Each structure stands twice: as C-alpha cells, then as structure tokens.
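Derivation of every value follows stated rules applied to the coordinates shown; laboratory data play no part. Predicted model only: the values in this text are computed from it and were never measured. Every residue, glycine among them, receives a Cβ derived from its backbone with ideal geometry; neighbour counts consider all protein chains shown.
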Amino acid sequence: RDAKPYAELLARWRRARRLFFNIATRLEMDAAPGGKAVQEAIRYLAKIADWSNAKMRDAPTAAVPKAWQPHVLDAEGRVADPRAYVFAIIDAWRAAVKRRDIFASPGTRYGDPRRGMLDGATWQASKLVVCRALNRSLDAETEIAALANLLDDAYRTVADRAASNPDLRFETVDGKTRIVVTPLDRLEDTEGLRALRPAVQGRMPKAGMPDLFLEIMQRTGFAKAFTHLSERQARVEHFDTSLCAALVAEACNIGIEAVSRQDVPALRRERLAWVSQNFIRPETIAAASAAIVSAHAALPLVQIWGAGDVASADGMRFTAPSSAIHAGPNPKYFGQSRGVTWYNLLSNQFSGLNGIVVPGTLRDSLVLLALLLEQETELEPVEFMTDTAAYSDAVFGLFWLLGYQFSPRLADLGDARLWRIDRKADYGPFNSVSKGTINLPLIRENWPDAIRLAGSLKLGHLKAAGIMRTLQVRDKPTTLARALSEIGRIAKTIHILHYVDDAAFRRRILTQLNHTELRHRLGRRIHHGERGEIRSPLQQGQEEQLGALGLALNAVVHWNAIYMQEAIRQVRADGMDVSNDDITHLSPLIWRHLNFLGRYDFSLPDTVMNGGLRPLRNPTSAWDF
C-alpha cells in the first residue's frame, strides 16, 4: 500500500504466503453480506496449491481494495500480478475481520456478530409474520422506493413553504449555511385554565404516602402481582399493610426502621424485612406498575390527556456508594463520587411504563430502545420522544424498521446534516444544507439482515441491550450498523424537515419532555431520604429501589387523576364552564396536598375501605397537615 511500498512487501512473500495459505485452507470462515466478495476470493485461493507460480487470470477481483488495483489488475481488469493479488486479499481480509464482515465459524471473539438473531429454519418460518408485524417488505427495492418518495415529498413540501415560514431562516457563516429555527414562545394560559387549575388543585384532599399507596392498592389490586420468590401461594395476615410499608420504605429511601412498629404485627421489622426480601423484585414491581397503568388508562379524564400512543424518555441521576459495583463517575453530576442514571419511559397519559438503571451517565441510545421494547404494560406507544443528545443515526434506522416514529427534540439545528437520495433534485433553500448522499447499495446489500435484526427484537428473541456486538466492534460500526445508519439518515432527515416546518409538532415534543422533567421533580420529593442518594451497591438492589420509586410515582399520578376527575365534576356542578381544551393542560404531577415526611400511618378511612372517595377539600382552607 502507499504507506508501505509494494517492493518491501515482496521481500516478505514467502512468510505471507505460508501464513495466509494456512488461514485460507484450514480456518472455517463465513461472511456477512459485506464480506462475501472477500470470502469468494479466499475460497478461490484455497483451491490453488502453488500461489507462487499460478497465473490467477480468472481470479475474482471484486474484493481488491482500490489502493491495490494499480499493482494487481491490468487494463482489462484481470489479475496481472498474482503475488500482488494475494497481498491485496490479505489486506481486504484483515479489514473485513475487523468489521466482522468475515468471521470464524464457529467462534466467540471473532465469531458472527449476528449470532442471537433469528436464523435458519426458525427465521424461514417466522419471516412473513415478522414482515406483517413490522409492516415492512422483504424486498429492499420496494422499501427503498417508498423511502425515496417520502424523502422527496418532505423536501419539496417544506421547501415550498419555507418562504412563508416565519420561524425558519438560513444563515451563512464563514461560507457554511445553517438552519435556524426561532425558539417557541411561552404558551399563555387561557382565562378558563387560569380559573380551572386553582379550582381543581384547591379541592384535592390531603394524604400521605402510606394511605395513598393503600388506597391505590385497594382500587387496582396491584398487590396480587407481588408473588413469593419460591412461588408459594399462601399469604400472611395483613400482607397488604406489610407490602405497602416495605414499598414506602424503598420508594422514599428511608429504610424499614422508619416505617416499622413492634406493637403492630404487620409492621414489625422482621415482617417487613421478610416481605422486602421475598416479594419485592424488579419483575413483581413491573407487573404491579402495569396494573396501575391499566386502571389509570381507563379513567375518562386520562383519555382526554392522551391515548397512550406517545412516550418520552429521560434520566434521573443518583449518587451511589463508593463501594457500588454498578455505578460510574461523572464529576458534573456526582462530584468525586460515582452514581447511576435511572432512565424511565413516560406515556402521554402521565403513566410510567418502564425504567432501566445504567451505571454513571451512560448516554447509550440502545437503552432507549430497550425501554420501549421491553415495557410490559397494555399501552403500545408508536411515537417516541427524547432529548437532543440521546440518538444516533443507527438507532433512528432501528426505530423506523420497528415501525416507531422517533421524534427527538432538536435544540440546535446549526450542525444538523441533511441527506438526499437524488443528487440532482432541486430542493430550493435546502440545497445548500443537504449535500450528503445516501449509500443505497449498502442498504440493499444488508436489507435481509436488517429485517432479521428488527424481527428478532420485535419478537423478543434478542434483547436491545444485547445487540451492541451486532452493531459495533471495538468502537467501530459493523457493516450492518452502517447500513442501519444509512436508513436512519433518511428517517432523520424527514424528521428534521417536519420539525422545522411545523411549530405545533415542536411544541408537542417540548410539552411531553416537560412532563418528564416534572415527573422527575416529583420523584425527588418522594425519594427524599439519605439526601436522595442510592444506598445499594448492587444492580438488583438499585433496580428494586428505583422500581419502587417508579411504582410510587404511578400511584401518585393515578391517585391524583382520580380526585382531579372528581374535582372537575364538582366544579362543573358548581356552574363553571370547563372545556376539554383546558383539561388537556392540567397535570396530575402535583404534590402540594401530599405529605411525604413525618409520621407513617398505614390505615384507610372506612369510606375508602368501602370503595368510596375521600371528601374533597374546601379550596379556601389552610394547607396544614
């Protein structure tokens, strides 16, 4: 190659021939689509006994790197120098192995990066079902044509409206054109909303975490989800009280000592420790949370807020003990300590759907995919919103393949790069910012594997957290990952065009992300003990504690929604004109009427025990507890 003259390589011919001949003839190798040409060349060489004297005029040349072609090929494109051909294939083989386009079969470290995906007879039997579930075709040309039309239509539609869009402009700095979108103005409350919000919040009854938990437990039956570790069916007397106390201790981060009472059998320390150890696990918490989400979605008020078809994700950060194994450093958030981030998924009904604990502040966009694919509630979000820093082109491609609309907030479009398929198309003002061209051959070549990967994820055959080796080898993307990135660039460009064109779309994303931030503020109020720091050094303990926090957040949101619905009914009965438009701007993420501190009393009023509601407050009364 240029950095090492060919003449120097020829001096090492005998050694290179001996080593690579053994590799070509003895090592079982297979190839991904990006390595088929190299595999064909190696198989050709394996059939030739004497590389030094063979002419190799009929050798396959598709794998010869461009830098080697002057040394290897003649004017007709056939092999002119057999030794140069061998060196070229060695070079191509090394590069393919690094990308895992060529891999040992079987192998571990240098094995197939796609292992774990649906394969063989299993894939053949399920691929049509997968395509129907994904609403995707096995034919790459069909999907590429559809994407090309979508991209072209988006460009032309937005370009035609660009001149009349008051929020969009193009600025040129140092010869580089940038897209600039005017930030959204603050949305002023209507007169009706300014009257409705205090009228509803002023009527919310006062409650503490214990009785709130007990009430939601009674209304939803979520205690049934907490099964014994050994799967025994027998329950102890007053189990609900013990479970509620253990959950409050975890969610509020105060420990069981703060909620235990030796004079009450259900609240004795040993009983609470037994419940915590045998019943509170990540899977039981997830099942209990799903029960609350289901009951919450059935409320008429909640259906006004949203259909549950939109979700957003963001992370809460917690400092962890210095001895924590599952933690990572970040001086900005944890100072000299280490910590974890709890990524959680929030629907547009204000219910939490899933949560994952990651060490440090890992911004792995695959975590977001795992949140969505592995949530176990009855809601099925189809649009996913997140903040600016939490996406990559490959994940854009995966979301599109899986049938989801990925809608991240774009805080700064100045460095955004738009892509096109048709190099000659005239997209008006977007011509100067859309100079990247999509590599369609790469998509075509890897389309079967892309569909197989999406199907494996959709059917749960492969976990999102486990596909890193499929997409990346030593910080370098595999060929499949590069193909997904090309698909993602198309989807991302369509999203950017929609984003700059539609202010209502931008506001919808911002509103949903604001709900996530408000939920985190409520979470900080609940998780107040030990200065809000995680005490468990182990991953399962962290997942149990933050899972309990997620359950508590869902309980608070559902409890608030129940009484907000009753308050709205009373306000209407008192003669106030209440519109659904104003109701959509109310939020159950409120807590002034809730007591997270002080004495913990695990009992319910008789009215609530019999299925009724607590009396609403007089909105003019004091806020004393």
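Considering only Phe103, Val129, Leu151, the residue lying farthest towards the positive end of the dipole of the stretch 14-152 is Phe103, judged by Cα position with unit charges set on Cβ.
Between Leu518 and Asp139, the contour length at 0.36 nm per residue exceeds the alpha carbon distance by 132.0 nm. Of the peptides 450-461, 544-555, 112-123, 605-616, the ranking by mean beta-carbon count within 10 Å, highest at the top, reads 544-555, 450-461, 112-123, 605-616.
Assuming charge only on the beta carbon of Lys and Arg (+1) and of Asp and Glu (-1), the dipole of the stretch 395-493 about its Cα centre is about 180 debye to the nearest 20. From helices alone, the chain scores -15000 deg cm²/dmol at 222 nm; the rule is -39500 (n - 2.57) for each run of n ≥ 4 DSSP H residues, then divide by the residue total.
Net length available on complete extension from Leu459 to Glu533 is 23.0 nm, with 0.36 nm assigned per residue and the Cα-Cα distance removed. Working from label points 7 Å from Cα in the Cα-to-Cβ sense, the Asp189 to Ala67 distance is 6.5 nm.
For the peptides 29-36, 427-434, 526-533, 310-317, the ranking by packing is 310-317, 29-36, 427-434, 526-533, with the highest mean count of neighbouring Cβ atoms within 10 Å listed first.
Among 293-299, 268-274, the peptide with the highest mean count of other Cβ atoms within 10 Å heads the list, and the full ranking is 293-299, 268-274.
Computed from the C-beta positions of Arg57 and Asp152, the FRET efficiency with R₀ = 60 Å rounds to 0.85. Sorted ascending by nearby beta carbons within 10 Å, beginning with the fewest, Ser323, Ser337, Ser351 become Ser323, Ser337, Ser351. Taken about its Cα centre, the chain carries a charge dipole of about 2400 debye when Lys and Arg each add +1 at the Cβ and Asp and Glu each add -1 at the Cβ. Specify whether the C-alpha gyration tensor of the chain places it in the rounded, prolate or oblate class, a ≥ b ≥ c being the square roots of the eigenvalues: rounded for a/c under 1.5, otherwise prolate if a/b is larger than b/c and oblate if not. Here the chain falls in the prolate category. Label zone (Asp601, point 7 Å along Cα-to-C-beta; backbone nitrogen cut-off 19 Å) within the stretch 258-273: 258-268. Here the chain carries DSSP beta bridges of which approximately 80% are antiparallel, counting only pairs with both residues inside. Treating r as the C-beta distance of Asp167 and Lys127 and R0 as 25 Å, the FRET efficiency rounds to 0.05. For Thr182 and Thr388, a Förster radius of 22 Å and the Cβ-Cβ distance give a FRET efficiency of 0.85, rounded to the nearest 0.05.
Considering only Asn22, Ala54, Gly34, whose Cα is most displaced toward the positive end of the charge dipole of the stretch 6-104, charges sitting on Cβ of Lys, Arg (+1) and Asp, Glu (-1)? Sorting the options by dipole projection puts first Asn22. Rounded to the nearest whole angstrom, the semi-axes of the ellipsoid equivalent to the stretch 6-104, taken from the Cα gyration tensor as √(5λ), stand at 19, 16, 13, largest first. Taking the centroid of alpha carbons for each part, the stretch 161-234 and the stretch 477-525 are 16 Å apart. When Cys131, Cys244 are arranged by Cβ crowding within 10 Å, least crowded first, meaning fewest neighbours, the order is Cys131, Cys244.
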